[in-house]
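J.: I am attaching a structure below and will ask some questions about it afterwards.
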Amino acid sequence: MSESSRSSGGAEPRDRRSLVKLLGDLPGLVVALLKAELAQLKAELVRKAINAGIGIGLFVVAAALLFFMLGTLVAAAVLGIAVALPGWAAALIVAGGLLVLAGVAGLVGVLVLKRGMPPAPTETIESVKQDVNAMKGMGDYDH
């Protein structure tokens with residue numbers, strides 16, 4: 001009887017120390033979790049902003065190429081009216097090339113811009129939801 005009281009008496013202080021230590025570590029763990037979530041939020045927003053910036057930049061390139069294409073078409077019309085067949089034919093070829101380049105830049109811009117949408121930090125929001133569920137003891141989380 002004395003052994004059982006010793007073994008249970010020896011285990012209780014160790015368990016209490018572990019619980020006290022765990023409770024003492026809890027604020028630090030919560031702060032570390034919040035810092036990790038904020039770092040993930042920052043990284044996700046930076047990535048989406050970069051994609052949006054590249055997409056907008058390519059739209060600007062497409063608009064500039066379309067502007068020059070219109071200038072080339074005006075030159076082609078002038079040369080066509082002047083009945084200088086080789087001149088206006090060359091101008092139309094250049095305008096067609098600019099149109100193709102503008103189309104490619106516009107399509108690539110749309111694809112890159114879609115990669116950055118929606119701009120809301122969806123991955124971080126999902127991660128925070130999982131963290132809240134883990135604290136509640138619900139859902140799938142690492143043990």
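J.: Can you list the lysines whose alpha carbon is less than 18 Å from that of residue 114, not counting same-chain residues fewer than 8 positions off?
T.: Candidates past the 8-residue exclusion: 48.
J.: Sticking with this structure for a sec: Please compute the length gained on full extension between residue 129 and residue 39, using 0.36 nm multiplied by the number of residues separating them and subtracting their Cα-Cα distance.
T.: The residue 129-residue 39 span can extend by a further 30.8 nm.
J.: Also, I was wondering about something else. Between residue 108 and residue 18, what is the FRET efficiency for a Förster distance of 41 Å, r being their Cβ-Cβ separation, to the nearest 0.05?
T.: That gives a FRET efficiency of 0.10.
J.: How much length would be gained if the chain were fully extended between residue 136 and residue 90, taking 0.36 nm per residue of separation minus their Cα-Cα distance, in nm to one decimal?
T.: Roughly 9.4 nm would be gained on extension.
Computed from the coordinates by the stated procedures, all read-outs in this text should not be read as laboratory data. As the structure is a computational prediction, the values presented were derived from the model and not from experiment. Glycine gets a Cβ as well: all are built from the backbone with ideal geometry, and neighbour counts include every protein chain shown.
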